[in-house]
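Step one of this worksheet: look at the structure below.
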Amino acid sequence: MDATLYLIAVILVMAGATLLTRALPFLLFARGAKHPTLLYLGRVLPPAVMTLLLLYCLKDVSLAAAPHGLPEALALAAVVGLHLWRRNALLSIGAGTGLYMFLVQNGVFG
Amino acid sequence: MSHSSPAAAALRASLPVLFGYVPLGIAFGLLFDGLGHPWYFATLMGLLVFAGAAQFLAVGLLAAHAGLLEVAVTTFLLNSRHLFFGLSLLTRFRVGGWRKFYLVFGLTDETYSLLTGTRPPEGVPQVSYDLWVTGLNQLWWVSGCTLGALLGRAVAFDTAGLEFTLTALFAVLVLEQYRATRALLPFLVALGSGFLALVLFRQEHMLLLSIALSTAILVAHGKTRQWTPRST
């Protein structure tokens with residue numbers, strides 16, 4: 001197959017497969033959307049998913065090897081502390097990320 | 001910044017995603033550039049696929065000349081965590097036509113997080129807000145993909161640590177989710193499932209398996225007990 005044609009085919013197949021994962025629940029459960037279990041899931045799944053995405057972001061942090069997760073711990077503490085204090089998402093995220101970049105770029109914890 | 005327009009409110013909510021998606025998109029664009037295809041195919045991929053992990057995977061699959069069936073199956077499995085996102089949004093997208101199609105199409109991890117974790121200010125219609133958030137997130141992603149592929153090695157600035165933006169975003173949204181639900185159970189179930197999946201499975205499967213496990217536990221719990229968290 002021609003290289004460009006192959007590339008276009010891969011992009012289209014990938015787009016279709018990704019769309020399918022996002023659309024399938026809406027196609028399958030359109031009639032049962034008011035089912036109590038699904039309504040319940042609509043409330044409790046977002047907090048669970050958010051917790052797991054946070055955990056997933058931190059999965060490569062090694063506590064055994066230097067810097068022992070200290071930059072992540074410190075930056076996360078800053079994010080949480082600032083957010084509990086000011087409840088300004090941009091401030092919490094911006095300051096926490098700035099602190100993290102400073103810590104890793106300057107090798108503060110080795 | 002005005003809080004009354006859907007665009008301004010969505011821009012404010014999606015700024016952290018800008019700082020997360022642009023460097024990530026550039027990283028993808030740089031990898032894609034190494035394949036030797038014209039830059040605009042990276043743009044096309046960001047427009048049509050709009051999935052971070054899958055696009056990184058695509059670089060490997062393209063380099064290995066993987067078969068189309070393999071591409072389809074691998075992409076579906078990699079993104080199957082999105083199946084659970086839709087399950088919890090069935091009653092949310094109360095529109096039809098292209099609007100609903102686009103909201104479903106654009107349901108990335110970060111879009112899902114913003115749509116469930118933030119709310120539009122008073123007077124801003126939910127659907128316009130949702131559409132703007134999804135559209136802006138995709139704009140950041142497509143811009144990153146394009147920049148990386150277009151500029152290639154010319155964009156070598158020190159962004160080490162910038163990826164923490166998304167970690168911080170999820171941390172803030174966890175706090176906001178707790179404020180809205182005031183229920184500890186979903187967080188505890190997620191932590192338990194997450195650590196179990198990390199210990200038992202390879203890291204790349206951790207997210208899908210822990211989301212599936214959490215969903216199963218929460219569904220079982222919801223069936224045995226008519227328990228409803230206070231939602232604001």
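The values are calculated or read from the model by the stated rules, or taken from the named source; none is laboratory data. The model shown is predicted, which means the values in this text are computed figures rather than measured ones. Counting neighbours? That spans all protein chains shown, and the Cβs are built from the backbone with ideal geometry, glycine included. For the accessible areas, the whole protein counts, side chains as well, though only heavy atoms, and no ligand, DNA or RNA atoms are used. Shrake-Rupley method; radii C 1.70, N 1.55, O 1.52, S 1.80 Å.
What the table shows:
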item	result
Yes/no for B:S113 being open to solvent by less than 50 Å² (accessible area, probe 1.4 Å), within 20 Å of B:S210 (Cα to Cα), facing chain A (nearest Cβ under 9 Å) and in a loop (DSSP other than H, G, I, E, B)	no
Residues of segment A:30-56 that turn out to be open to solvent by 50 Å² or more (accessible area, probe 1.4 Å) and either modelled with pLDDT of 95 or more or part of a helix (DSSP H, G or I) (or both), as a count	4
Subset of segment A:1-15 [open to solvent by less than 40 Å² (accessible area, probe 1.4 Å) and more than 7 Å from chain B (Cβ to nearest Cβ)]	A:Y6
Subset of segment B:84-100 (residues that are assigned to a helix (DSSP H, G or I) and either among the hydroxyl-bearing types (S, T, Y) or in contact with a Pro (Cβ under 6 Å, 6 or more places away or on another chain) (or both))	B:G86, B:L87
Of all residues in segment A:57-71 being in contact with a Phe, Trp or Tyr (Cβ under 8 Å, 6 or more places away or on another chain) and more than 7 Å from chain B (Cβ to nearest Cβ), the one that is modelled with the lowest pLDDT	A:A66
